[in-house]
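**Q** Mind looking over this structure? Questions follow.
The values are calculated or read from the model by the stated rules, or taken from the named source; none is laboratory data. For clarity, every value in this text was computed on a predicted model and none was experimentally measured. Here the Cβ positions follow ideal geometry from the backbone for every residue, glycine too, while neighbour counts run over all protein chains shown.
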Amino acid sequence: MQSEVPSELIHPHNQTNPLHYVVIGETGVGKSALCNLMLNKRAFQESNSITKAGTTVAKTMTGMNPEGECIYVTDTQGFLDPQGKDDQYI
């Protein structure tokens with residue numbers, strides 16, 4: 001299922017091929033912070049605590065990179081969860 005890209009986010013160089021990034025890694029290493037940096041906005045909740053960290057499901061947001069290209073950024077559940085929830089998400 002492909003979603004529509006908002007017209008204000010379409011760059012003439014990538015109208016048919018927007019960039020897609022999926023950020024994966026261990027719980028608490030800063031995946032959400034990286035996603036927010038990539039989008040240049042606070043789209044994903046960040047946490048300073050490993051016990052509070054953790055996107056419960058993958059979440060995708062749309063934005064523009066510094067070159068004006070439309071990008072999709074997906075923040076995923078962390079691996080090696082300290083609460084042992086890896087089996088629920090893998």
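**Q** Given the structure, is Gly25 at pLDDT 85 or above, exposed (fewer than 15 other Cβ atoms within 10 Å of the Cβ) and small (Gly, Ala, Ser)?
**A** yes
**Q** In addition: Looking only at residues in segment 44-64 that are modelled with pLDDT of 80 or more and not small (Gly, Ala, Ser), which one is farthest from the chain's Cα centre (by Cα)?
**A** Met64
**Q** Considering only residues that are within 28 Å of Leu19 (Cα to Cα), modelled with pLDDT under 85 and acidic (Asp, Glu), which ones fall in segment 65-85?
**A** Glu67, Glu69
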